[in-house]
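A.B. asks: Before we start, here is the structure in question, set down as structure tokens.
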Amino acid sequence: MSALMGVSVLDAEGKAFGRVREFAVAPLTDSSRVEALVLRLKSGARGKQPSLVAISSLEVGAAGQLKLVADAQVREMRSDDDYLLLERDLLDQQIIDVHGHKVVRVNDVEMVWDTLPAGPGEGAEPHGAKLILRIAEVEVGLRGAARRLLKGLPANAVEQVANRMRATVIPWDFVDLIDRDPARRVRLKIEQDKLASMHPSDLADILEDLAPTERQALFSSLDEGVAAETLEEVELKTQKRLIESIDSERLAGIIEEMDPGAAANLLSELPEARSGAILEEMNEKERHEVEELLEYAADSAAGLMTSEFVAMAATATVEDALGALRKFEGDLDSVTDIFLVDEEGRVQGTVALSRLLLTARETALGTLSEGHLVSAGLATNRRKVAELFDKYNLRCLGVLDEDGRLVGVVHAENVIAWLRGD
């Protein structure tokens, strides 16, 4: 792009017509191509506004000279044109490298002249071919920065310097553009399938690296389930920033999808009026679970636990347990054990999920129970909880009320997050 910026464009008769000022992309139509060049016209030509020239209205000469075809489509650029302009909206901006799971800054854009067969009745291009300018990749390293820094010098000299530097590029297909400030009048396409396929931890890292405007735009684009999982992975201070501008109704939908313990931790850090408004918008079941957790001290086992777990009678079978897991509405990835309880909810033992896979389905769970049972009380200090995980190499820890009934479970990942200060 840096090499094409400022290049002269001739009219159909070979006379100077204007110079390349920008590259206009219509993301909602085709984000992989430049739809038109924005030209600064020769003094006295047409109006004072820049003009748009469709790429299909151009010819590229043997020496790379740009020339308009006889029936070129040229119009004045309007203030309401909803284009992504590559230099204005992309250079120096943060973008998401979806493939590498990181945030990078754009230094230049690699584009390729290409042709497509013209449709019925289309195009005056030679041989029935339709000229296109395809976006191939973005430069995020020193090579692109050098080209821009040396812009204006002879092209051969610039390339000699730039080619001494290692290329750091990202294929355009692996780039996600973020919906930016509406005042820029540019809507950039987010590939939801790419974002949703990322691990929440990778999305969280990306959010942490983005500037505030882009961070908010990206988070707002996520569906409630993905947003909830991602919110659980970011630091508390970032959580609070992300939800600042989200209305209570949408935020309630996101928090309903979160682990109840994580949801309670977040709401406990918000002003009472804000957390109250969110709770009012939540469904009754999820609201009740979170409100119960909000009653406990943050530095206790209860403050670390989730109220979502699988508990069954010791007389239940492996088949029964598999059925319960299929119906489990919480985060199934976090479940490592099934808790065995009596009729009053007192814990009698645990069964690791791995044992279910190796046992006949008619086997009673009580026969698979692990001998040594470790648990904690609601008020147990977090540090003591961490010591129990370390001492007994626990996968999870049951939290019991004063009557010995199971009320929640602490997972190893909760302890790790607390120890890291997340």
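A.B. asks: Being closer than 23 Å to Val407 by Cα, of a type in the set (Gly, Ala, Ser) and part of a helix (DSSP H, G or I): is that true of Ala277 here? Don't jump to the end; show me each part of the working.
C.D. replies: On the way: closer than 23 Å to Val407 by Cα: no; of a type in the set (Gly, Ala, Ser): yes; part of a helix (DSSP H, G or I): yes.
No.
A.B. asks: Can I ask one more? If you take the residues in region 232-245 that are under 17 Å from the mean Cα position of the chain (by Cα) and of a type in the set (A, V, I, L, M, F, W, C), which one is farthest from Glu214 (Cα to Cα)?
C.D. replies: Val234
A.B. asks: Let me confirm something: among Thr350, Thr363, Thr336, Thr359, which residue is β-branched (Val, Ile, Thr), out of contact with any Leu (no Cβ under 8 Å at 6 or more places or on another chain) and either at pLDDT below 95 or open to solvent by less than 70 Å² (accessible area, probe 1.4 Å) (or both)?
C.D. replies: Details: Thr350 fails: out of contact with any Leu (no Cβ under 8 Å at 6 or more places or on another chain); Thr336 fails: out of contact with any Leu (no Cβ under 8 Å at 6 or more places or on another chain); Thr359 fails: out of contact with any Leu (no Cβ under 8 Å at 6 or more places or on another chain).
It is Thr363.
A.B. asks: A follow-up question, please. Within region 1-23, how many residues are crowded, with 21+ Cβ neighbours inside 10 Å and either within 21 Å of Leu84 (Cβ to Cβ) or of a type outside the set (Phe, Trp, Tyr) (or both)?
C.D. replies: Final tally of qualifying residues: 6.
A.B. asks: Next up: If I filter region 105-114 down to residues being touching a residue at least 24 places away in the same chain (Cβ under 8 Å) and assigned to a strand (DSSP E or B), which single residue comes out as surrounded by the most Cβ atoms within 10 Å (Cβ to Cβ)?
C.D. replies: Checked region 105-114; the qualifying residue surrounded by the most Cβ atoms within 10 Å (Cβ to Cβ) is Asp108.
A.B. asks: Answer with yes or no whether Ala54 is surrounded by fewer than 19 Cβ atoms within 10 Å (Cβ to Cβ), over 30 Å from Val169 (Cβ atoms) and touching a residue at least 12 places away in the same chain (Cβ under 8 Å).
C.D. replies: No, not satisfied.
A.B. asks: May I pose another question? Can you tell me which residue in region 166-197 is surrounded by the fewest Cβ atoms within 10 Å (Cβ to Cβ), limited to those that are out of contact with any helix residue (DSSP H, G or I) (no Cβ under 8 Å at 6 or more places or on another chain), at pLDDT below 75 and part of a loop (DSSP other than H, G, I, E, B)?
C.D. replies: Arg185
A.B. asks: While we're looking at this one, here's another question. Ala62 is checked against (1) of a type in the set (Gly, Ala, Ser); (2) open to solvent by 40 Å² or more (accessible area, probe 1.4 Å); (3) in contact with a Lys or Arg (Cβ under 8 Å, 6 or more places away or on another chain); (4) more than 23 Å from Asp173 (Cβ to Cβ) and fails just one. What number does that condition carry?
C.D. replies: All conditions are met except number (3).
A.B. asks: Follow-up. Could you list, in sequence order, all residues of region 224-243 that are of a type in the set (Val, Ile, Thr) and not in a helix (DSSP H, G or I)?
C.D. replies: The one that is of a type in the set (Val, Ile, Thr) and not in a helix (DSSP H, G or I): Val234.
A.B. asks: Scan region 185-207 and report the pairs whose first residue is among the acidic types (Asp, Glu) and whose second residue is surrounded by fewer than 17 Cβ atoms within 10 Å (Cβ to Cβ) and modelled with pLDDT of 70 or more, with Cβ atoms within less than 8 Å and a gap of 6+ or a chain change.
C.D. replies: Matching pairs, first to second residue: Asp202/His101; Asp205/His101; Asp205/Lys102.
A.B. asks: How do the pairs read when you match residues in region 260-281 that are at negative phi with residues anywhere that are among the basic types (Lys, Arg) and in a helix (DSSP H, G or I), using Cβ under 7 Å and keeping only pairs 6 or more apart or on different chains?
C.D. replies: Glu269/Lys240; Leu279/Arg287
A.B. asks: Identify all residues within region 67-87 that are more than 39 Å from the chain's Cα centre (by Cα) and surrounded by 12 or more Cβ atoms within 10 Å (Cβ to Cβ); write none if there are none.
C.D. replies: Once the filter is applied, which keeps residues that are more than 39 Å from the chain's Cα centre (by Cα) and surrounded by 12 or more Cβ atoms within 10 Å (Cβ to Cβ), region 67-87 yields Lys67, Leu68, Val69, Ala72.
A.B. asks: Sticking with this structure for a sec: Which of the residues that make up region 280-306 are crowded, with 17+ Cβ neighbours inside 10 Å, assigned to a loop (DSSP other than H, G, I, E, B) and hydrophobic (A, V, I, L, M, F, W, C)?
C.D. replies: Scanning region 280-306 gives Met282, Met305.
A.B. asks: Looking for something at pLDDT below 75, out of contact with any Phe, Trp or Tyr (no Cβ under 8 Å at 6 or more places or on another chain), part of a helix (DSSP H, G or I) and under 26 Å from Leu332 (Cβ atoms) - is there at least one such residue anywhere in region 211-223? Talk me through it step by step, then tell me what you get.
C.D. replies: Taking region 211-223 as the starting set, the residues that turn out to be at pLDDT below 75 are none.
No.
A.B. asks: Let me ask something additional. Which residue out of Arg346, Arg395 is closer than 25 Å to Val318 by Cβ and over 34 Å from the mean Cα position of the chain (by Cα)? Spell out how you get there, then give the answer.
C.D. replies: Details: Arg395 fails: over 34 Å from the mean Cα position of the chain (by Cα).
Only one candidate passes the filter, namely Arg346.
A.B. asks: While we're looking at this one, here's another question. When residues of region 32-46 are filtered for being within 40 Å of the chain's Cα centre (by Cα), part of a loop (DSSP other than H, G, I, E, B) and either surrounded by fewer than 19 Cβ atoms within 10 Å (Cβ to Cβ) or among the aliphatic types (A, V, I, L, M) (or both), how many remain?
C.D. replies: Taking region 32-46 as the starting set, the residues that turn out to be within 40 Å of the chain's Cα centre (by Cα) are 32-40.
Cutting the leftovers down to part of a loop (DSSP other than H, G, I, E, B) gives us 32, 35.
Checking which are either surrounded by fewer than 19 Cβ atoms within 10 Å (Cβ to Cβ) or among the aliphatic types (A, V, I, L, M) (or both) leaves us with 32.
Qualifying residue count for the region: 1.
A.B. asks: Taking only region 244-274 into account, find how many residues are part of a helix (DSSP H, G or I) and among the hydroxyl-bearing types (Ser, Thr, Tyr). Don't jump to the end; show me each part of the working.
C.D. replies: Just the residues of region 244-274 that are part of a helix (DSSP H, G or I), to begin with: 248-257, 260-268, 272-274.
Checking the rest, the ones that are also among the hydroxyl-bearing types (Ser, Thr, Tyr) come to 248, 268.
The number of residues fulfilling the criteria is 2.
A.B. asks: Right, something else. Pairs, please: C-beta under 8 Å, at least 6 apart or cross-chain, first residue under 15 Å from Arg105 (Cβ atoms) and in region 161-177, second acidic (Asp, Glu) and part of a helix (DSSP H, G or I)?
C.D. replies: Partner pairs satisfying both residue conditions: none exist.
The values are calculated or read from the model by the stated rules, or taken from the named source; none is laboratory data. As the structure is a prediction and not an experimental result, all values here were calculated from the model. Virtual Cβ from ideal backbone geometry, glycine too; neighbours counted across all protein chains shown. These area figures cover heavy atoms from the full protein model, side chains too; ligands, DNA and RNA do not enter into them. Shrake-Rupley method; radii C 1.70, N 1.55, O 1.52, S 1.80 Å.
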